[in-house]
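To keep things clear, I will list the structure first and then write my remarks on it.
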Amino acid sequence: MARPKHRASVDVCADCSCPEPAWASVNRAILLCDECCSIHRSLGRHVSYIKSLTKGVWSSNTLNMVRTLNDNGANSIWEHSLLDPSNSKFSRRKPQPKDPLHPVKADFIKAKHQELKFILRSCKEEFCSEEELSRQLHSSVRTGNFETSLRLLAQGANPNYFYKEKGTMPLHVAARANQALQVELLIANGGNPSMLDSNGQTPAEAAKLAGHLDLYDRLVECMYEVTDRLTYFLCNKKPDHKNGEHLIIPEWSATLERNFEARNKLQMLPNHLLEELASDVYDEVDRRETDAIWLSSASLPERCIVPFLPIHPQLSSTRNQGRQKLARFTPKEFATLIIDILTEAGHRHAMANSAPLPDPAVSALRKEQLRKHGSQMSDDEPLYDSVASDDDYAALATDGISDEKALAPMAKGLPSVVEVLKKQLMLSESTTRDLRDEIKRLHITLEQLTQENRELKGAIQAQSKLQAPQERINGHIGEHDPELEPVLDIKPPSTPTRGGQRPASMYETREGLRKPPSFMNQAKREVEGLPRPCTTQGLWECGAANLPPSEEVNKRTEQVTRRIQELWMAMQNPTHREAFVPCAERIRVAVAELATIFPQNPVDDNIRCALRQLHGNTGRLQAECTALQRCTSDVEHMDRCLQQVRSSAYDIAKATKLLVTQFHVS
């Protein structure tokens, strides 16, 4: 690993042309100034992977790839429509260094990198599908045309595309051709260095067989990129993969207090969930390291607020919430989590005796799948010379002959596969037993509720026969229908429903009845030592209130967060104080909309406390924004008011986060 050196020539920011940029977007292969970098960081690593040019730790190949593409005009790929004079649809002006960050630079960067509005789009006559683009990428990576490969990736080519006729992926092609910078470009844009070709080889093995030992070493490092980054975060050391050392557990980890319950849960995770957790922790490590560099070097650190990982639209809301909660871990808790992940990853790697983290059973089946569809065609042959041979048809004809042949590639790693399958089988059997026990408990509860319902109906009918009230209904004399008798003394719940009160359940104890037999039966059960039956009313009293759905809570809390961000952006320029009061009013409306979906008096104390803090801090924020708008020339008083506004906004955000956290916990 090496740190980049300053170049003699003067670079400029790709988004606003500011001189001497100090940051780089690795997957976009462009250089950025501090202000534009702050917007890139808020977009997330899935859009733009940011690294410091002066303080970041770089692989020499990765830095060379970024420098080469940037010097050869990689930015023109992302601004193609803006640079084309014949395209009249895009008359948008590119921001200049002195333009305001919000909204001029921010809107331009989001349109350019998040929405990809300015890249080259094929016309209808020349429309290319994702598969066609991926095939072109498969051919491009064997050459030195880095700009072509980056353009194809920008247009939607898949860096992990499996070419069935050739049995390889782009990384295997670039590795055999010794195109180190193409390999770095593919991996920076999502290429997986652990994938197997039709011969069961990884890209590293393909490079080694071709005699490219330096590239082989680099690809092995990429295969262990996640665990290496976590290890370096803990102890500033990386394993020596050349000597067979693939994992380091710090010696001081033995002194940490370990949560064995959490560690056992981690051990029970399937391989794909452990991979997702390790990937999320990797992103959080990158966020924390970049934050530390940013605060120590950026000219305006307050311009970049990335308190937790940005939302990834391709991930579920549950996983996005879990990723954001990683920011709440203290350094000690976060280090313990990383050590548990490294320990479990090392255990599974030793057990599987294969590539890091992927499930060996899945890898073996994937290997067989690739073997079925592959042929011995060379990647150096041009696409237009590809003709199906008799061998190809013979291979397709024998695909389904024997299950024993299909499992042949698994024989080499059979012991590790069996162990993994046994562990998964034990998990499945344990889950099945738990579900059966839960079904039995539900059957018992259902029988108790049914019995109580029968008792209630009998009590109603007995009372109606004793009283036999006669009333005139619609001009006729008749008896009351006991099933329609209102229950007047049931207190309505905190959340209003149609008709002014909560409808009573058919299985629910009706408090309005006089001397119901169920109460006598309950007393009899208590005297005899029998368990009290579980009723719907009991569940209601114990806190099973009608809480809002999780999706609605997430939607409205995100609205509050966006309103707070608008206020924070307005505060970047204190001279525009007239915008503070409208922003505070929009925050108040968003908080009110969030509070309306919860009961007026929630059972959970934490939720009630969070709602109370939201209302209190919202009122304080409005008062402080009004006071700030009235400030005239007293600079010291204005600074105090600004500090109070910041404090109020932070307390609202904190209360919103507490509400979401406690809601999901409850």
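Read-outs throughout are calculated quantities, based only on the coordinates presented, and are distinct from any laboratory measurement. Note that this is a predicted model, so its numbers are computed, not measured. Cβ sites come from the backbone with ideal geometry, for glycine too, and all protein chains shown count toward neighbours.
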Residue-by-residue Karplus 3J(HN,Hα) for segment 218-234, coefficients 6.51, -1.76, 1.60, Hz, glycine and proline x
5, 5, 5, 4, 5, 5, 9, 4, 5, 5, 5, 5, 5, 5, 5, 5, 7
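Starting from the Cα-Cα distance between Ala327 and Ser296, subtract it from 0.36 nm times their residue separation and give me the gain in nm to one decimal.
Between Ala327 and Ser296, full extension yields an extra 9.2 nm.
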Evaluated over segment 168-303, the Cα radius of gyration and Dmax, each in Å:
18.0, 52
If R0 = 22 Å, then Lys265 and Arg436, at their Cβ-Cβ distance, give a FRET efficiency to the nearest 0.05 of 0.50
Subtracting the Cα-Cα distance from 0.36 nm times the residue separation, let me have the gained length for His576 to Gln629 in nm, one decimal.
18.2 nm
Per-q log10 I(q)/I(0), segment 151-194, q = 0.22, 0.25, 0.28, 0.29 Å⁻¹ (Debye; single scatterer per alpha-carbon; no solvent)
-0.71, -0.90, -1.08, -1.13
What full-extension length gain, to one decimal in nm, is calculated for Leu256 and Arg121 as 0.36 nm per residue of separation minus the Cα-Cα distance?
43.2 nm
Considering all alpha-carbon pairs of segment 23-114, what whole percent are spaced by more than 21 angstrom?
34 percent
Checked segment 166-245 against the a/c 1.5 cut and the a/b vs b/c comparison, axes a ≥ b ≥ c from its Cα gyration tensor; verdict prolate
If R0 = 51 Å, then Lys654 and His241, at their Cβ-Cβ distance, give a FRET efficiency to the nearest 0.05 of 0.75
Apply 1/(1 + (r/R0)^6) to the Cβ-Cβ distance of Gln451 and Val603, taking R0 = 35 Å, and write down the FRET efficiency to the nearest 0.05.
0.80
Under a plain spin-label model, where a point goes 7 Å from the Cα along Cα-to-Cβ, how far apart in nm are Leu427 and Asp84?
4.9 nm
Taking the Cα centre of segment 550-665 as origin and charging only Cβ (+1 Lys, Arg; -1 Asp, Glu), how large is the dipole, in debye to the nearest 20?
40 debye
